[in-house]
1. Could you give the angle, 0 to 90 degrees to the nearest 10, between helix 171-180's Cα long axis and the longest principal axis of the Cα atoms of the chain?
2. Residue separation times 0.36 nm, minus the C-alpha to C-alpha distance between A107 and A92: what's the value?
3. For the chain, give the magnitude of the charge dipole about the Cα centre (Cβ charges: +1 Lys/Arg, -1 Asp/Glu; no others), in debye to the nearest 20.
4. List the lysines whose Cα sits under 20 Å from the Cα of K290, skipping any in the same chain fewer than 8 residues away.
5. With Cβ to Cβ distances under 14 Å as the rule, what net charge do the other residues near G99 carry (K, R +1; D, E -1)?
6. Over all alpha-carbon pairs in the stretch 212-350, figure out the percentage whose distance exceeds 19 Å.
7. 222 nm [θ] for the chain, helices only, -39500 (n - 2.57) per DSSP H run of 4+, per residue, to 500?
8. Work out how much length Q414 to K262 would gain on full extension: take 0.36 nm times their residue separation and subtract the Cα-Cα distance, in nm to one decimal.
Amino acid sequence: MHRWYTLPLPFLFCAYICLSFLTGCSTNFAPDLTTGPTADPGQSSLGVIQGAVHGGQSPISSAEIFLFAAGTTGYASAATSLLKAGTYTTKATTGTFKGDYYATTNAYGDFNLGGDYSCTPGTQVYLVAYEGNPMGRGTYNNTGIMQMVGLGECPSSQIIASQFPYIMVNEVSTVAFAYAMSGFGASATNIGSPNDPLARAAIANAMNTANNIFSVSEGLVPPRTYANPNSTVPQSTMYSLANILADCVNSNSVSGCANLFKYTHNATDESQAIFYIAQNPTANVTNLFKLQGTTPPFGSALTAAPTDWTLPVVYTGVTTTPGNIVFDSSGNAWISDRGANAAVRVTPLGVFTPFNANGAAGSIYSVAVNPADNDIWAIDYTNSAIYRLTPSGGLDSTISTGGLNQPDAITFDQNGNAYVLNTGAQTVSKYSSSGIPQATATYTGLDTPAPAAIAVDSNGNIYIPTNGGCGCMELIPSGSTTGEAYNDLFGETSNSTSIVIDASNHPWTAQSNSSILEGPTSNNYDDIFGYRYFIPSAETTSGGLSGPTALALDGTGNLWASNLINATLSGFSLIGTQLTSLFTGSTTSGFSTGSSSTGANGVAVDPSGNVWSINNDGSVSEVIGLGAPTYAPLTPGKIAQP
């Protein structure tokens, strides 16, 4: 774990806090080990977990410390308590934690778990601090306090202390943890994922994200992520959210949390409140902002209410001319860089590596991930070739056939067959998952001028939106080798910029005139005067759409659009054929990407539920926990949570 300072941590942390925030500050931030031995006899091999619990800058005494492993029976499933009976643990006999063991903080908010715990290697471990006496206020007890901090994956040694020898639990840790785990949790005791490899990897990435934007040892938000120095963390927003929670935490009793709970859907504790804010970032924004008060405990906070409570982390210098973005099963993002002729891999923690595709002199217009083997296929527009890269970026093979002619888009079906759209010949080429051309499946006769996107549904039907000044679409039915053009009956005079197919096999297209249309299906078209027209079942211009360039679906079916004009993201819940804006605060705004770019050029949702955008200034934004965990790589029939 990186440290920002070299002085002894307890001394430096106190000095930093006192000087920065000019509030009351305890002179003892180190654990008070005089209250008991460093480990319970006979269990010292598991390591001593030490730390402190604070409300703002003041200690919380008599807080109950619980240790949990995330559940493995589904999303937001019940977590498993890890503390055991020991000399320095107590068993809860009533309330939320009945039957679980806990340790207690001393007068300085310090705690020491000794060795009274065990965990299953590979599970995700976190710590919860419940109730207590805030700010040294005598015998007051606030049962609304429910602070959280992520400790990461249980190592094979089970010695959690080896990863974080000292832990600060406060409102900032609670914010970072809840946002990163937004797709997996609902409260401090209901955090989990299904017990399958993809879901386990996704929740592990989420846990690592929490500690990439928060210093577990210091209790602060770093200006940059720990994994990538070329990044910006939304410090001011995180500190504002922490101040909002502090209004509840530093109250004499749970009654002081009434306003926080009122604005967070009748939450009953701090953890439920922050999970609600993370999952509903446009709800009651102004009212929540006012809860900070005039002298909030955390400085460097926002000075005015934001439009929403999203947390975008921005990574700079990732691309030169971005194309599209997709995710592999490990949660790595892959981005086509048309200017640098490369496929760029970005890890879940934002570390990026460009892979020049075989020294190609052309442009890598599009990338996609093969569901059969997790290989990345990079489309070379200039040289009419396809480069198959391994997940580590090595060149697997090169495909260059007579059928390729200025290819610029690619998609896969659920069997791993690739469909490549050729701009030069207005054809579609099909390849097996191993890269063998399918000579009998070259689709010709497309009416679409300069096509820019392609999608296939679970029935094998191929959809291609137009790029020629009308809201039209080409449909190649399964089993056919020719396409048929569908025109929009309402006469849209705009280009289609992107297409996705939802879990019900409904195609959705983004239009350059700032709208989203449902494309032709088997029940929404008519033949009129010899032409085939489709009647959109749904169309929207709300949610802050502003020149949408790309679309993406997350694991619960929400539809996301990147906006070229104002560098924002638009989100929509998708129920049947009805689109409802997720941006409830305004119909003229979208979710900020945090980028200073003039526009967002692509969007995708990772397996942990973070929504990513690629921006025209070469940066990439990761909006923490905004979407739902999403199966990767995406293929027809697998648009769902992992």
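1. The helix 171-180 is inclined about 30 degrees to the chain.
2. Details: separation 15, 0.36 × 15 = 5.40 nm, distance 2.04 nm.
Roughly 3.4 nm would be gained on extension.
3. I would put it at about 1060 debye.
4. Once the sequence-local lysines are set aside, what remains near K290 is K262.
5. Surrounding charge for G99 is +1.
6. Everything past 19 Å amounts to 60 percent.
7. Working: 7 runs with 73 residues, N = 642.
It lands at -3500 deg cm²/dmol.
8. Working it through step by step, the gained length comes to 50.2 nm.
The values are calculated or read from the model by the stated rules, or taken from the named source; none is laboratory data. Because the structure is a prediction, the values reported are computed rather than measured. Counting neighbours? That spans all protein chains shown, and the Cβs are built from the backbone with ideal geometry, glycine included. Please note that ligands, DNA and RNA were not included when accessible areas were found on the heavy atoms of the full protein model with its side chains. Shrake-Rupley method; radii C 1.70, N 1.55, O 1.52, S 1.80 Å.
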